[in-house]
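Here's the structure we're looking at; comments come further down.
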Amino acid sequence: MLRRWRRARRPMSHRVAYSRWDGTQKGFDFSSIDLLEQMNDDLLYHGDVNAALRRVLQQGFEVDGERVQGLREILEQLRQKQQERLEDHNLGGVYEDIAQELRDVIDSEREELDRLADEAAQSGDERRAAITNETVMQRQLQLDMLPADLAGQIKALENYQFNSKDAEQRFEELLEQLRQQLMANYVDQMAEGMNNLSEEDLARAKDMMAELNGLLDKRQAADEQLPKDLEDPAQRNQMLDEKLQEDFDSFMERFGDFFAENPGTLSELLEIMARRMAAMSAMMASMTPAQRAQLQGLAEQLLEDMDLNWQVNQLSQNLQALFPNAGWDRSYDFSGADPLDFASAGEMLRELGDLDQLDNLLRSANNPGALAEVDIERARELLGDEAAQSLNKMSEIAKMLEEAGLIENREGRMELTPRAIRRIGQHALADLFKKLQQDRVGQHATAKTGTGHERDHQTKPYEFGDPFNLDIGRTIRNAIQRNVQHNNGSGTPVRLSPIDFEVERTENIVCSATVLMLDLSLSMPMRDNFLPAKKVAMALHALISSQYPRDFLGIVGFSEVAREVQPQQLPEVSWDFVYGTNMQHGFMLARQMLARQSGTKQIIMVTDGEPTAHIDDLGQPYFAYPPTRETVHKTLDQVIRATREDIRINTFMLDATSYLTAFVEQISKLNGGRAFFTTPETLGDFVLVDFVEHKRKLLGG
C-alpha cells in the first residue's frame, strides 16, 4: 500500500512572508475554544472525546459563518470529480489519434507518388515514365499491403523507403513523440531537456531502470537484515532510506533529470514510479480488448529494445511486490464522447489514480492526525481551495486541542483535561441561561454581616461581643493618630487603648449540599431526554464550582443500579444499555453522600420514568415492568428516610406519564419537596433557576 499519498520533494526550509492587512486578504481562523464548543453536545451525549473527534472529522463544522468541510462532503466531491471524467471521455482516441496520424502520413506519401507519376507522364520520356510507373506501383502496393494493426503499420513504415520528404519527416516525428509519451508513462514526467527523445536518451532510460532494479535488490537485502518485529512500515522505510541514501544520491546525480518532482529518498522515488506504472496498467485494463491489443503491440514495437522491455517488466514486477495496493488491477469505465489522445489519457489515468489514492486515505482516516499524510497542494489541484483548506484545518484540530491543554493523550487515547471539563460546563451553563435575565444568577451576596468564618476585607471599631479578629494595622494606626492629637504632634511611644481596637468584619456564610440524581436508563436517549439532562448536570456543576465553591455537589447516575459519578467523569457519562429505573438505589447512595456533609441538604432528581427496579434483600438488582408493589415500597422507604434526615427532594419529570405523576406526587407529599413537570427544552431553566432561588432564600436575600 502506498503509505504516503504525496508528491515527493527534497527537504526545504520554510519561508513566511508577512504583509499589512488591507482588507482584501481572506483567512479562516478559529480557536481551540471554538472547536470545543462545536464538539460540546457530542461530548455531552456520547462522552467520548475520541468518538467526538471522529464525528467532527466526518461531518465538519462551522465557525462564524465559515464552513470546514468534513470527510463525507469531500469524499462525495471526489466521487463526483471521478464520475465527471469518466462520463466526459473515452479511451478510443488513444490509438485513433495515432491511426489518424499514420493515415495522414500515408496519404501524403500517396500524393507524392501520384505527383511523380504525373510528372513522368508529362515529360514525354517513355522509358522514364515506365520506370517511374513501375516504382510507383510497387510503392503503392506496399502501402496497400500495410497491416491493419498500428504496431504492424509502424514496423512496415520503418522499413519503407519514403518518396515524400514531408511524409518521412512527419513519420519520424510521430515515432519520436510516441516513444516519448510511452516512456513518460513509465519514467514519471520527463525533464524539459528530454523533449526530443533520442537513441541516447533511450539508452540512458534503460540504464536508469537497470540501476533502479539494482537499488530495489539492495533494498530487499537490507530489509531482510532489519528486526522481524519492526512492524511500523514508516519506521522501516526510514531505516532503509538511511542505509541506502548514499546509493540513492549517486543515482540521482546521474539520472535526476528524468524526474521533475525531485524525490528526496528512495522510498519517495519508488512511490513516483509505482504511481506511473500503475496508471499505465490502469490504462490497459480500462481499454476494450481490441484497444488493449493495439496499444500493447505499439509499445512493443516502439520500445523494441529487448533489454529495455525486460528492465521495464522487471521494474513493474518489483514495484508490484513492494506496493501491492497501488491499484495495479484498477480499471475505469469510460463512457463519454470526448476521445483522449495518448498523452491526455496518461495524465487522466494518473489523475484518476490520485483521486482513488486520496479516497482510500480519507476513508481509512479514523483520527484527524491521519490527514497529515495528505499532500494538500495536490488535493488543491484535484478538488479546489475549499476542500484543501478544510483538509488542512481538519489535520490540525487534535493537535490544537492538545496544545491548548483541553485534551491529552493517555496510553493512546485522547481524554478531556480538567480545563476542558470546566469549559464544557461553562458552555452548558451559558447555553441554558442565555434565555434568562443576567441578574437572575446571584453572586452569593447578602446584605447581612456578622459572626462568620470568611473575611469580608472590611473593618469596624470593636464592640463588646464581637469576635476578637483584630486588624493589627488599623489598630496601630488608630493609636498613633490618637497619640498625635493628645501629645502635641508626637505619636510615639505608641500606647494601645481599647478605643483603638478595630476588628475585621466577616461574611455571613450559608453552605448547602446537593446531590443530582441523573436517570441513565435506556428510555432517556430513546425519548431524546438524555442530552438536555446531562447538559443540566454539567451546567449545575459549573454554576456551583464558580458561584458557590464552598457548596457540595454530588452526582448519582441510576438505571438498573445506581453509582456515584465524580465531576471529572461527568463528560464521559453515557446511558446504560439496560432496562430499569432504580430510584431506590439512587436515593440510598444520595443519602450516604449527604450524610458526610453539613448545612442544608437537597436531592435533585431528573427522570423520565417510574421506578422499575430495586435492590433486593440479597443485594441484587431486581427489574420488573410495570413496577411491582415491592419496588414502590422500597423506593418510598428511602424517601421517608431522607425526610427524617432533613433532606429535601425536588423532582424534575420529563415526558411524565400518569403513573409517574402520581408516584412523584407521593414523594412530594411524604418529603415536602417539589415536583416539576417539564420538557427537554425547559429543563435547564427550571433546575438552575430553582437552585438559585433556593440559595437566595437560604441567604435571606
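Annotations
- From phi via Karplus (6.51, -1.76, 1.60), per-residue ³J(HN,Hα) for region 355-365 in Hz, x at Gly/Pro: 4, 5, 4, 5, 4, 5, 5, 5, 5, 8, 6
- Sequence-distant contacts, meaning Cα pairs under 8 Å at least 6 residues apart, place the relative contact order of region 555-603 at 39 percent.
- Amide H contacts of Asp608 (H built 1.01 Å from N, in plane; Pro and chain starts excluded): Leu654 sit under 5 Å, all sequence-distant by 5 or more or on other chains.
- R0 of 25 Å, Cβ-Cβ distance Ser31-Glu377: FRET efficiency to nearest 0.05: 0.45
- Projecting label points 7 angstrom from Cα along Cα→Cβ for Ser598 and Thr657 puts them 4.5 nm apart.
- Residue-span extension gain [Glu126 to Asn367] - 0.36 nm each, minus C-alpha spacing: 78.0 nm
- Proximal charge balance of Val565 [Cβ under 14 Å; K/R count +1, D/E count -1]: -2
- Residues Lys399 and Glu76, FRET efficiency given R0 of 25 Å [Cβ-Cβ distance, rounded to 0.05]: 0.40
- Close amide-amide hydrogen proximity is noted between Asp338 and His89, Asn90, each under 5 Å apart and 5 or more residues distant or on a separate chain (H modeled in the peptide plane; Pro and chain starts excluded).
- Close amide-amide hydrogen proximity is noted between Leu516 and Gly554, Ile555, Val556, Ile604, each under 5 Å apart and 5 or more residues distant or on a separate chain (H modeled in the peptide plane; Pro and chain starts excluded).
- Extension gain, Glu119 back to Phe577 (0.36 nm per residue minus Cα-Cα distance, nm): 155.0 nm
- Ranked by how many other beta carbons lie within 10 Å on average, peptides 473-484, 564-575 from highest: 564-575, 473-484
- Measuring r between the beta carbons of Glu564 and Ile476 and using R0 = 41 Å, the FRET efficiency lands at 0.20.
- Region 521-593, accessible surface, carbon-and-sulfur percent (1.4 angstrom probe): 51
- Residue separation of Trp310 and Gln161 scaled by 0.36 nm, minus their Cα-Cα distance, works out to 50.6 nm of gained length.
- Model label points for Asp341 and Asp88, set 7 angstrom from Cα along the Cα-to-Cβ axis, are 1.8 nm apart.
The values are calculated or read from the model by the stated rules, or taken from the named source; none is laboratory data. These figures come from a predicted structure and were not determined experimentally. FYI the Cβ positions are ideal-geometry reconstructions off the backbone, even for glycines, and counts take in every protein chain you see. Areas reflect the complete protein model, heavy atoms only, side chains present, ligands, DNA and RNA absent. Shrake-Rupley method; radii C 1.70, N 1.55, O 1.52, S 1.80 Å.
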